[in-house]
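Contents: one structure, followed by commentary.
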There are 4 protein chains.
Amino acid sequence: MNLDLRDYAVRTDLAVESKEMAETVHGGPLPGVQEQVDEHDGIKITRLDVTDENASQQLGRMMGHYITLEVPGLRSQDTDLQEKVSAAFAQEFSAFLNKIGINNGAKVLIVGLGNWNVTPDALGPLVVENVLVTRHFFELARDQVAPGYREVSAIAPGVLGITGIESSEVVQGIVERTKPDLIIAIDALASRSLERVNTTIQIADIGIHPGSGIGNKRRGLTKEILGIPCIAIGVPTVCYASTIVNNVLDLMKTHFNDESSDGQGAETKQIMGLLHDLSEGERLGLVKEVLEPLGHDLIVTPKEIDEFIEDIANVIASGLNLSLHEAVTPDNVASYTH
Amino acid sequence: MNLDLRDYAVRTDLAVESKEMAETVHGGPLPGVQEQVDEHDGIKITRLDVTDENASQQLGRMMGHYITLEVPGLRSQDTDLQEKVSAAFAQEFSAFLNKIGINNGAKVLIVGLGNWNVTPDALGPLVVENVLVTRHFFELARDQVAPGYREVSAIAPGVLGITGIESSEVVQGIVERTKPDLIIAIDALASRSLERVNTTIQIADIGIHPGSGIGNKRRGLTKEILGIPCIAIGVPTVCYASTIVNNVLDLMKTHFNDESSDGQGAETKQIMGLLHDLSEGERLGLVKEVLEPLGHDLIVTPKEIDEFIEDIANVIASGLNLSLHEAVTPDNVASYTH
Amino acid sequence: MNLDLRDYAVRTDLAVESKEMAETVHGGPLPGVQEQVDEHDGIKITRLDVTDENASQQLGRMMGHYITLEVPGLRSQDTDLQEKVSAAFAQEFSAFLNKIGINNGAKVLIVGLGNWNVTPDALGPLVVENVLVTRHFFELARDQVAPGYREVSAIAPGVLGITGIESSEVVQGIVERTKPDLIIAIDALASRSLERVNTTIQIADIGIHPGSGIGNKRRGLTKEILGIPCIAIGVPTVCYASTIVNNVLDLMKTHFNDESSDGQGAETKQIMGLLHDLSEGERLGLVKEVLEPLGHDLIVTPKEIDEFIEDIANVIASGLNLSLHEAVTPDNVASYTH
Amino acid sequence: MNLDLRDYAVRTDLAVESKEMAETVHGGPLPGVQEQVDEHDGIKITRLDVTDENASQQLGRMMGHYITLEVPGLRSQDTDLQEKVSAAFAQEFSAFLNKIGINNGAKVLIVGLGNWNVTPDALGPLVVENVLVTRHFFELARDQVAPGYREVSAIAPGVLGITGIESSEVVQGIVERTKPDLIIAIDALASRSLERVNTTIQIADIGIHPGSGIGNKRRGLTKEILGIPCIAIGVPTVCYASTIVNNVLDLMKTHFNDESSDGQGAETKQIMGLLHDLSEGERLGLVKEVLEPLGHDLIVTPKEIDEFIEDIANVIASGLNLSLHEAVTPDNVASYTH
């Protein structure tokens, strides 16, 4: 993530968080943003369409379609829930492909962005290790491939510090040689709130843009650059210390406003009243003013990141395998991942 | 770390942080606490002696000797600095052994506490993998061991979830059979402030107590339990989200008090004035009241934890090798670690 | 494995291989050895009982009960077959516990011998990471543990070069403190023939003896030493280069004897005739005479060892979980391993 | 390695082994092959030039320049020796670049072939992780890069089973986009004799050809395909079981011929006489006839492969860093690898 270039007030890669903040500022639903929410089995699915330029600017998000799966239980290492999330992801992803006009025969290149040596940035490479690739069978003997499989390849292009080459250049080179019809790019993201870390999956048809994700990207992966559509799948795996603090201050406002005034000291009530009058930007400014000179505005991840990242990479890989190949079903999906 | 049993107001395993907080409450230096500070080459060394029961209670720390090395530059992966820190650690550690009366021939068992599958908790096991062990040579042919080596063994006893056995029981069993004269236990700790994470090493002659460190310990490793002295070496590798927030609020107080009032909005000044009147405990109480019901009070670690933990484990292992064996010198120390 | 101390003529840790060789020498079935063979689903199960001292000496094996599962298909990474082997292992293991008089309530300590940094020696530690441990729940609140679980703990004691302590000493210390009723020790073995590597599991009630396995053991894990029974589970993961050569020469004898003499050159026939007249020991002596001065008698493992060892560790861990806990069933066993 | 396509009689990727075998057949030095041998510090350096088509066919090797470093001591984990080998490698490699006309400013793409999940095939990816890459600094601000550095990038393209894309296609795509002047491809090889495994480094200006190395390559990396020179660096990390046996039979011939006939049984002498009359091909044919139907002709690697591969990858990465950048010197080279 190129920190200097990012809109400091935001520090989130999640459209649902941008929407929350924008609505707070705007004082209600934004025109040009359609939202639909489903909730079942502990999985909250939000489908957001950003349909005009004005809404895009207010959100600080590209125009496009966004699907978010929020599953607080994903942190509890419940294998049954993980299977349900894979299935829900697959269903949403298939519908998403339909909605944006990708047909069943489309050849897919899955791109796992990020640094495999940095656990919270290793999501993309881990997904690549676990998706079913088939392109080589099609290349060898297309007519002998069993029905129900689609042509899929996958690459983890690495990061600048390891390769000296921007991941977008690696991907462009491969796209030019192998001619896929669609890119699916997996990336680790930053979130505004700690509770969304490792519990949220975002799907969007906007590609990858410089300054998104937690890796070091100076060029993006977009239809403009690559000539083919690029769907981005992201999971927030980190937060800035400053956004944690800011988010807590925000929660404090709400929390103490909701309470009856009994049992609260006069000082607390006064603080909360004052916090109420500060804008999101002013508050974050205060926090940064304190943290930055001390070098304290670290990017952090939950202590259990090793397990979380493996679990969620497996959920996404299984979901992609289910969605991309008819021959992969809930009964046999486990044997396709490692 | 047994969270339920911990004193919530503290949430630090570092004596220097306890001292800071206690002095704020007390309004100045505590009787019964001697402090000596050295600073050179970017390394700040604080030697704290807690010499009476009263001071111990005010600090919430055992009576004993504490040495803290604070090295903000350790996060920058500077190999020259790492070598300097190893050397400084070795010098302090040797002096510490003298001070508490451990002689040169004392047989040492190094215990690496923590869970090797959880990166920020893997410090102890990583140190064990990198220290020079010699006990088997002494057992085989004591008179043929070259001079300059001490008898050292090492064990990573694992965590309850993997072994079903408390680490203290594993260590007790080994102590009874192998009869070392001294335990050196390495453990990952929690810190109150994010900037001390992965930049601070604490040495103390107090052993390991239930509720310290980030692992799951219900019994400790102490002279009372083991019959031999136990020196604890710890590095904070995690923080609670709530202590980050609390610490920032604290920094905000100081920060805005120090500033001239020019350029600050009236609201900000008022907030800061009010924060000033809250005690540490009241503030942390507020933060927890907000975070806990939401399941937000996660334990976090910097995103670069993989590299940090390897670097600092290597620093400690090299420092121990230098300190425990005369035959290990700055010129050959690198060839003893992996 | 202490190479210098091993009987060079044997170089196998498998009773079935010792039996094959002894029968060749003896010219038929050995008195004092009972054998029963079952074969189904690609799994060959051999149950050997060595019942008298004379047979023991001829085999070069301890008196006791040996079960061997041979599954050539285990190298093909077939998850269905792996599940079948786990189930077959569990069934044999349960019967074995009954046969040697271990009751259902017996408290078990699982010991994973070997070096986790050396892939073909990492079998034991990998099994330990994947077995279900329960002892800590019993210790905390014995009466609240759900029925169907047995008290199980597990430890990987490491190797001399890492700990400076013999694994038998670590285990003895833990046994004395935690008082299990039974040890189950997992160890990687050496085989005489390459095709048994990673395809064979041996269960025996004889414990672990110095010079068995591929690790560095100078003391064993036996009932005599520990005071409780010790069942050894082993998988050959390596061969000596010399035994591969020797084994091939042996196969050549059989192969060319079986063939009609048509199509064989006179020289070949002569060679084979001569090989026929050499004893096993003479042949191996020839091979060693060639290899040893050149430092060629390396211990080797198949190139795919990383995958093989993970798969077979998982098979054994699942089999132990099924066998030791009634509450673990084929339907839920997968959720107990990692 | 595409086993079906390989010349079965050879099964080596080392030119020095091909030469040995060809000379045995030919009965002396081959015309069209120049050889120069140096030996110092336990490092044997052989420089072979295959200068005409006839010699190329007799050797079964491409025309070109081959340098081989043989260092039996590399298996002993001696860090001093490793540094010497890095320095010798760097010196040879620099001279090699000169000899084949690569100038100092040439931009280099280092390609690490092989599968990072299969330890003996992970050499290339491990080297990529440890070489100094600089291309991104040149791209960002070419005029601000300190003198003494060359433009270097690096990629590990993965294997078909993970990506679905041939590594040569990945590399071609990257070459077309990033326009390097030279490819240096690192690959794990197969050797004919076990003692060369992990002790030998081969440098050749012939590129990578289908059927070389232990990975799965159907297309190569050659000047014809890529349009720029490709230097191959290889280390044998595996052997076929059949070549081990064959090699031992060969050694037996020599061994027993050298001995006085005293102390040898008549049978042994007769066997050896007969072996003498078999050609290399006949012998290997015998061995295969025995091993293949049994599925015994496994590819094997020494048990200590984990350590060996890390050590030798580090030697090569350090050697490349020394050779490619003037600013990297023996005094600072260690700080450039991980």
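A few comments on the model shown:
- Secondary structure note: in the protein assembly as shown, about 60% of the DSSP beta bridges are antiparallel.
- Axis between A and B by rotation; chain A residue with nearest Cβ and distance in whole Å recorded as A:VAL300, 2.
- Surrounding net charge for B:LEU291, when Lys and Arg each add one and Asp and Glu each subtract one, Cβ distance under 11 Å: -3
- A point 7 Å from Cα along Cα→Cβ stands in for A:PHE137, and the other copies hold the same point at 4.0, 4.6, 5.6 nm, listed in rising order.
- Positive minus negative residues near C:ILE228 (Lys, Arg vs Asp, Glu; Cβ under 10 Å): +2
- Of B:LYS19/B:LYS44; A:LYS303/B:LYS84; B:LYS84/D:LYS84; B:LYS44/B:LYS223; C:LYS179/C:LYS223; C:LYS107/C:LYS179, those spanning more than 20 Å from alpha-carbon to alpha-carbon: A:LYS303/B:LYS84; B:LYS84/D:LYS84; B:LYS44/B:LYS223
- The value of relative contact order for chain C, using C-alpha pairs under 8 Å at least six residues apart, is 22 percent.
- Summarised in one figure, the compactness ratio Rg/Rh of the protein assembly as shown, Cα atoms and Kirkwood Rh, is 0.97.
- Label 7 Å beyond Cα on the Cβ vector: B:GLU53 copy-to-copy distances, nm: 6.6, 7.8, 9.9
- Residues A:MET252, C:MET62, sorted so that the one with the fewest Cβ neighbours within 10 Å comes first: C:MET62, A:MET252
- For segment D:68-153: relative contact order, % (alpha-carbon pairs under 8 angstrom, 6 or more apart): 23 percent
- Distances between equivalent label points of A:THR329 across the copies, with each point positioned 7 Å along Cα→Cβ, amount to 2.3, 6.9, 7.3 nm, shortest listed first.
- Across peptide D:116-122, the average count of Cβ atoms from other chains found within 10 Å of a residue's Cβ is 4.
- Under the combined filter of DSSP loop state and at most 16 neighbouring Cβ atoms within 10 Å, segment A:157-228 retains these trypsin sites (Lys or Arg not before Pro): A:ARG218, A:ARG219.
- Test item: Cα-centred dipole of the protein assembly as shown, Lys/Arg +1 and Asp/Glu -1 on Cβ, debye: 0 debye
- Placing +1 on the Cβ of every Lys and Arg and -1 on the Cβ of every Asp and Glu, with no other charges, gives segment A:121-218 a dipole of roughly 100 debye about its Cα centre.
- Summarising the strand pairing of chain C, around 60 percent of its internal DSSP beta bridges are antiparallel.
- Computed over segment A:61-133, the ratio Rg/Rh where both radii use C-alpha atoms and Rh is Kirkwood: 0.99
- Each of C:THR200, D:THR46 has some number of other Cβ atoms within 10 Å of its Cβ, and from fewest to most they run D:THR46, C:THR200.
- Nearest-0.05 FRET efficiency for D:GLU176 and D:THR51, computed from C-beta distance (R0 35 Å): 0.60
- Debye log10 I(q)/I(0) for chain D, one point scatterer per Cα, at q = 0.07, 0.08, 0.13, 0.15 Å⁻¹: -0.30, -0.39, -1.00, -1.31
- Here the calculated FRET efficiency for B:PHE137 and A:PHE137, from their Cβ-Cβ distance with R0 = 60 Å, stands at 0.60, rounded to the nearest 0.05.
- Options D:ALA146, D:VAL159, D:SER191, ranked by Cα towards positive dipole end of segment D:137-207, top entry (Cβ charges): D:SER191
- Helical runs (DSSP H, four residues minimum) scored at -39500 (n - 2.57) apiece and divided by the length of the protein assembly as shown put the mean residue ellipticity at 222 nm at -12500 deg cm²/dmol.
- Mean Kyte hydropathy of -1.0 or more with a Cα span along the axis of at least 15 Å, helices from DSSP in chain D: D:15-26, D:79-99, D:167-178, D:241-258, D:266-277, D:280-291, D:305-324
- Amide hydrogen neighbours beyond the local backbone of A:ILE110, cut-off 5 Å, H modeled: A:SER153, A:ALA154, A:ILE155, A:ILE184
Any read-out appearing in this document is the output of simple, stated calculations on the displayed coordinates, not a laboratory observation. From a predicted model like this one, the values you see are computed outputs, not experimental measurements. Quick reminder, even Gly has a Cβ in these numbers, built from the backbone with ideal geometry, and neighbours come from all protein chains shown.
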